[in-house]
Amino acid sequence: MIGYILRRLAQSILVVLVVTVIVFILLHQLPGGAARAILGPRATALQVAQFNTANGYDQPLLIQYFRQLGEWFTGNFGFSIKLNQSVSSLLAQRLPKTIVLSLLSLVLTVVVAVPLGIYQAVRRNRTFDYVATGLSFIFYAAPTFFIGIIMIEVFSQNLGWFPPEAPQSNGVGPIFEQFDAMVLPVVTLALLSIAGFSRYMRSSVLDNIDQDYVRTAQAKGASPQRVLYHHVLRNALIPIITLLGLSLPALFAGALVTESIFNFPGMGLLFWQAAQSSDYPVELGVVIITAFATVAGNLLADVSLAIIDPRVKL
Amino acid sequence: MSDPGRAQVDSLGEMPPPEPAAAAPTGLPVGQAKSMFQLGFEVFIQNKLAIVGMVVLVLAVVFCFVGPLFYHTDQVTVNLLTTNLPPGPGHPLGTDETGYDQLGRLMVGGQASLTIGFAAAIIATIVGTVWGAIAGFFGGLVDAVMMRVVDAILSIPILFLLLFIVTIVRPSIPVMIFVLGLTAWLVPARLVRGESLTLRVREYVQAVRVMGGSSWHSVLRHIMPNVIGTVIVNATFQVADAILLIAYLGYLGLGISPPATDWGGMLSNGTAFIFTNYWWLIYPPGILIIVVVVAVNLVGDGLRDSVEVRLQRR
Amino acid sequence: MALLEIRDLSTDIALSKSVVHALDHVSLHVDAGETLGLVGESGSGKTMTAMSIERLLPPGGHITGGEILFDGEDLVQLEEPRLREIRGGDIGMIFQDPMTSLNPVIPVGDQVAEPLMLHRGLSKAEAMKRVVEMFGLVGIPSPLQRTRDFPHQLSGGQRQRVMIAMALICQPKLLIADEPTTALDVTVQKQILELVDRLRQEFHMAMILVTHDLGVIAGSADRVVVMYAGKVAEMADVHTLFAAPKHRYTDALFEALPERAAGTGERLYSIPGLPPDLVEPPPACRFAPRCRFAVDACRAQVPPMTRINTPYGPQEFACFVPRTTPLHEPEPMDLRTVVPEVARVEPAEVGGRGWVAPTTFIPADGVPILQVQALVKDFPVTAGAILRRHVGDISAVADITVSIPRGRTLGLVGESGCGKTTLGRLVVGLDVPTGGKILFRGRRISQLRGREAKEGRRNVQFMFQDSYASLDPRMRVRSILREPLDIQHVGTPRDRNERVDELLAAVGLPARAAERYPHEFSGGQRQRIGLARALALQPGLIVADEPVSALDVSIQAQVLNLMKELQRDRELTYLFISHDLSVVRYLSDVIAVMYLGRMVEVGPAAEVYSHPQHHYTRGLIDTIPIPDPVVERQKAKLGVRGELPSAMNPPSGCRFRTRCPMAQDICARVVPPLQPGGGSEPMAAAEVEAAVASAAARGTVPHMTACHFPINGHSAADTLVEGAVSPVA
């Protein structure tokens, strides 16, 4: 088990390193290179040259890369051009909020999608199943922002149940104080994953219902409920863990869109604003952090899988 | 036996023993043998939903590309006299905030969405297939390095990557196709690699070695034809993903630059009027996106079933 | 009164477009305490009958008529809650594959405890106490620890013991065992069958034993029901059935058994054709189209059950033209009516080119077609967190030397995991040996390069076990058979097409088969295609890996006959790999026995079979169920104890010593040499060579054994009585 975790960890570190190489390449693709990115478009050629010498950007690429890597690992992501703040302090401010939003919607997803998928599988090919499958097809195809717009129109503008904008204050605490303002963003973000997860859960249960061990359980005299909850679910839920890990990138992307719709000051909104104003240091910092979070999430999912599933080859 | 020297043979007119769990093969009909393609096609046309999807898709293409030939509108000149008109005579779906006819604009925007969606999917599929095939074929270190690169890019949410890239390059339709295609190849790469790894150890591929055949023979005669089905099915889903991604970019204001547009960009403009009830600016593009993406997914599901025709016949 | 009585049971299975009438008016009964054998080929309805009893039918299945009286209650009409009390409580079930039949993510102890908690209202702790006792009873070592294991951590035999414990934990009145040993090795099969039989007597249970294996039936059943195409064909006590079968299907089944022709090597009777389609079964005898004795009545009406009395009890059969003599007395030939219609297949049009005979005859110069010398194959095992270091080897093939004379068959037997398949793959070049040499007519194919290597491949071809996996599902049969010809650039493209037709004719398939896809054929037909492909390059040697183990008896006979005929016509040499000693015995001239990577005995087939010298061979022969109730029941409870140890760290010295009844100190220290007569002292190399040469002159090999204490003549047999066998954990 320890060996497996170490091996998985080594693989994850490797992936993170490859990510840094990719980001480094992106950095060098910027118009005018890193100097322009950091000094801004108004800097003179002399300033650029001085900057390059001072920061070692005139040295060979490999040395530059390792210097950059060192900076990143000590938490130095540079300085925002537009916000006049260090990227790491911006991230420290915004990242927790995005994590709260993502976690809340992930919890909502699991709480809704798992029972829904099971119920669909049990009542397969009946009206409810068809309706739920149809809806999941539509939500799967619907862009998050379109759902968000409709949410705002229906629940905020027409019904007036929830405010159209997410909590604006700094810090994580106020999010829970103005929880009604969080409802629409969380639900919007969750709907897409609910559509995907419930379809997956449905087919996972259906795959297991045909297995030989289900017949064994029936032959032991177990009731249909016991067969489902005691035997089938234990097997059907295991792949959901992997799916949770794999859904992280989509979740972050969804968070970006959701944050922009509801003006939620998280990392996604930070990135969007940075993208609109070509604030490269912020963009690169967010990309590295999200990639890191994704890799860590996948690692966590694999390790939990190894703990929960007795069959995983260690 | 009356003629002991002659081999006793099975009759080809008889049925193999029926296997209760699966559909029984139908023996050997005397008529013309059907090709694998014909069998797959039959399964596909039996799938009503897939046919509906196909029809919707054809209608969408006709609407976007043939529609403008019959429904002439000016999509270049800004007309500030006719902004935000509700649906009425002359403008069946009203006009937008710059005075463009909304119906005509849906056609133009659809051209962009569909062109980019299909072209990007094709590029992504080709790049991914080649990448995955090389990794799967060579294996070992080559495979490890190539797949870590895939892991790394996969861990960066694709929307973040796209946003970053479009802040560097000014987006036009060809640029969008290229950028989307070059970021969406990861999934087909993984699929093709996984598939070729499993196919490589199949007994009919091993049999080629016993016959003295080369690896290239196996790749050309067995691995490629068997992978191609999976690749085509995945390409369909890639189209759906690309249409959605282009819509997201459009919504985030980083899509195709005006006066050209796509459905996501139209929706983005419409959201500004969410509180003024200009519904014709929001719902038509949103619903079109959903309908087209659902249709593409239905076709993809139908194709998957027909590619798996040989499994059904077991 | 019968414990279980099934009357006119009919079961349908609804498929997407059609309905399969899987059972049609099946009637049978089981008395308290007796074992009823339910035998038939795949699709005969034997499993469906067993599953109908507890209404555990596959999706789409439902009982359409009849009644199933169990202890006075009709299980067909019973409501679910009461039926659930009976399931697992009064009726226990064992399934074919213990790996898939156990829940993979629940500890086995909990799974076995479940029926106790459901039916006997025991607490978890009480139930677990009983589970531990039960594990001891079914022979699972260190039962307490094992209860916490998951199914994948147990060996195949232990998993089936867990299944048995689960079925018996509530002491049911009836045990239904559906092919309980089909997924197991023959040595373990014997242990499991004995265990079930012992527990059945201890618990005073009745049992329904569903199997396709007539040998298993002969050893275990009191009465037998033979099923064919969803109907009961014949029903009798085991002695009557095996001595004097009446139904023509039962009769044909016995004639198709390879055991019957083991010594003589004569053609097996193979039942032509395939069982009928049960979507629209004909209103006639369902066996008639395949029957040698069918008369008009057989094809016009359903034969009624006839009941006659025998010294052992009643015998019932549904046949218009029952066998007139006991099985051992031949019947007059004139009783036969016709060669069944379906057997007459027009062979593909073959031109006058006579390609059926090989163009390149292997000269009869005494050079063995295949020589394997000191062959070794280790598969490395790695471990470690980041750097995968090499921690050991799986010794799959260890120091094997053997040769096959031209035109003969070497049968390679052993349990699964003994290395026989690896040896076959090494011979055809699918794996690369760690050490040793493989010579084909004196030349090492592996050392040839380029063009020569490619052509060298032609001489040795492989026939796979799984005919489905070995044929590309996307290719038509023509392309499949042309592929080897295309690769080797044999002839012009037109020639190749003609050769495909000739190949199809040679394996008895009609020409139109060329335009079909593999999935359109039955298992036996696909195996013919596999054989045709192996023949396409006119090889001298064909390595056949378990080619008939997935086939039913009647289809198996068709393939075995075909292989034998082709061998005679084309002077083919076979390396025939199988776990089934009776099939090997039928087909082989020389038998080689492998155990855990080593060859323990090799010699002329008849000699090895009748006078085995190695204790493992002896045990293997004893464990094979013989389809003769008299012989099978007289056999002392012999066999091979325990299960195959890991090949990762094989036992020192003689690898069989951990399971050997005769093991001594020397067996752990010294590897016994493989030589004529066995023994510990290695013979002079010249002496062994002389023995090999003199045997080769007679076209065979000397009988050699690798055992310190070989069985010679009568004395060793006495030491093998049950008391002397030391059980090995």
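Brief remarks follow.
- Qualifying residue in the range C:199-208 (condition: more than 27 Å from C:GLY72 (Cβ to Cβ) and crowded, with 24+ Cβ neighbours inside 10 Å): no
- Residue among C:ALA550, C:ALA557, C:ALA592, C:ALA605 that alone is of a type outside the set (Lys, Arg), open to solvent by less than 10 Å² (accessible area, probe 1.4 Å) and farther than 30 Å from C:SER680 by Cβ: C:ALA557
- Verdict on B:TYR251 being more than 14 Å from chain C (Cβ to nearest Cβ) and open to solvent by less than 40 Å² (accessible area, probe 1.4 Å): yes
- Residue within the range C:95-116 that is free of Cβ contacts under 8 Å to residues at least 40 places away in the same chain, out of contact with any strand residue (DSSP E or B) (no Cβ under 6 Å at 6 or more places or on another chain), open to solvent by 30 Å² or more (accessible area, probe 1.4 Å) and more than 10 Å from every other protein chain (Cβ to nearest Cβ) present: no
- The set of residues in the range C:473-525 being β-branched (Val, Ile, Thr), more than 11 Å from every other protein chain (Cβ to nearest Cβ) and within 22 Å of C:ARG570 (Cα to Cα) consists of C:VAL500 alone.
- Condition met for A:LEU228 (in contact (Cβ under 8 Å) with a residue 12 or more places away in the chain, more than 24 Å from the chain's Cα centre (by Cα) and farther than 30 Å from A:LEU27 by Cα): yes
- Top-ranked residue of the range C:159-175 - restricted to ones that are without any contact (Cβ under 8 Å) to a residue 60 or more places away in the chain and in a helix (DSSP H, G or I), ranked as least open to solvent (accessible area, probe 1.4 Å): C:ALA165
- The single residue among C:THR705, C:THR700 that is crowded, with 21+ Cβ neighbours inside 10 Å and either more than 29 Å from C:VAL381 (Cα to Cα) or in contact (Cβ under 8 Å) with a residue 12 or more places away in the chain (or both) turns out to be C:THR705.
- Residue match in the range A:294-301 (condition: within 12 Å of chain B (Cβ to nearest Cβ) and open to solvent by less than 10 Å² (accessible area, probe 1.4 Å)): yes
- You will find that of B:VAL205, B:VAL192, the residue that is modelled with pLDDT of 85 or more, within 30 Å of B:SER306 (Cα to Cα), out of contact with any strand residue (DSSP E or B) (no Cβ under 9 Å at 6 or more places or on another chain) and more than 14 Å from chain C (Cβ to nearest Cβ) is B:VAL192 and no other.
- Scan the range B:140-191 for residues that are part of a loop (DSSP other than H, G, I, E, B) and among the charged types (D, E, K, R) and the total you get is 1.
- Applying the criterion of at least 3 residues that are surrounded by 15 or more Cβ atoms within 10 Å (Cβ to Cβ) and touching a Gly at 6+ places or on another chain (Cβ under 9 Å) to the strands (runs of 3 or more DSSP E) found wholly in the range C:374-466 leaves C:389-404, C:460-463.
- Odd one out for B:ILE122, checked against (1) open to solvent by 40 Å² or more (accessible area, probe 1.4 Å); (2) in contact with a strand residue (DSSP E or B) (Cβ under 6 Å, 6 or more places away or on another chain): (2)
- Residues in the range B:254-264 that are farther than 21 Å from B:LEU57 by Cα, open to solvent by less than 40 Å² (accessible area, probe 1.4 Å) and more than 10 Å from chain A (Cβ to nearest Cβ): B:GLY255, B:ILE256, B:SER257.
- Within the range B:208-226, considering residues that are among the hydrophobic types (A, V, I, L, M, F, W, C) and in contact with a Leu (Cβ under 8 Å, 6 or more places away or on another chain), the one farthest from the other protein chains (Cβ to nearest Cβ): B:ILE223
- Subset tally (residues that are open to solvent by less than 10 Å² (accessible area, probe 1.4 Å), at the interface with chain B (Cβ under 9 Å from one of its Cβ atoms), part of a helix (DSSP H, G or I) and in contact with a helix residue (DSSP H, G or I) (Cβ under 8 Å, 6 or more places away or on another chain)) for the range C:526-539: 1
- The set of residues in the range C:270-293 being assigned to a loop (DSSP other than H, G, I, E, B) and crowded, with 23+ Cβ neighbours inside 10 Å consists of C:SER270, C:ILE271, C:PRO272, C:GLY273, C:LEU274, C:PRO275, C:PRO276, C:LEU278, C:CYS285, C:ARG286, C:PHE287, C:CYS291.
- Within the range A:255-279, considering residues that are open to solvent by 10 Å² or more (accessible area, probe 1.4 Å) and of a type outside the set (A, V, I, L, M, F, W, C), the one farthest from the other protein chains (Cβ to nearest Cβ): A:PRO265
- Of the residues making up the range B:218-252, those that are free of Cβ contacts under 8 Å to residues at least 24 places away in the same chain and touching a helix residue (DSSP H, G or I) at 6+ places or on another chain (Cβ under 6 Å) are B:SER218, B:HIS222, B:GLY250, B:TYR251.
The values are calculated or read from the model by the stated rules, or taken from the named source; none is laboratory data. Not measured: the values here are computed from a predicted model. Heads up, the Cβs are rebuilt from the backbone with ideal geometry, glycines too, and the neighbour counts pull from every protein chain shown. Ligands, DNA and RNA are stripped out before the accessible areas are found, and what is left, the full protein with its side chains, is counted by its heavy atoms. Shrake-Rupley method; radii C 1.70, N 1.55, O 1.52, S 1.80 Å.
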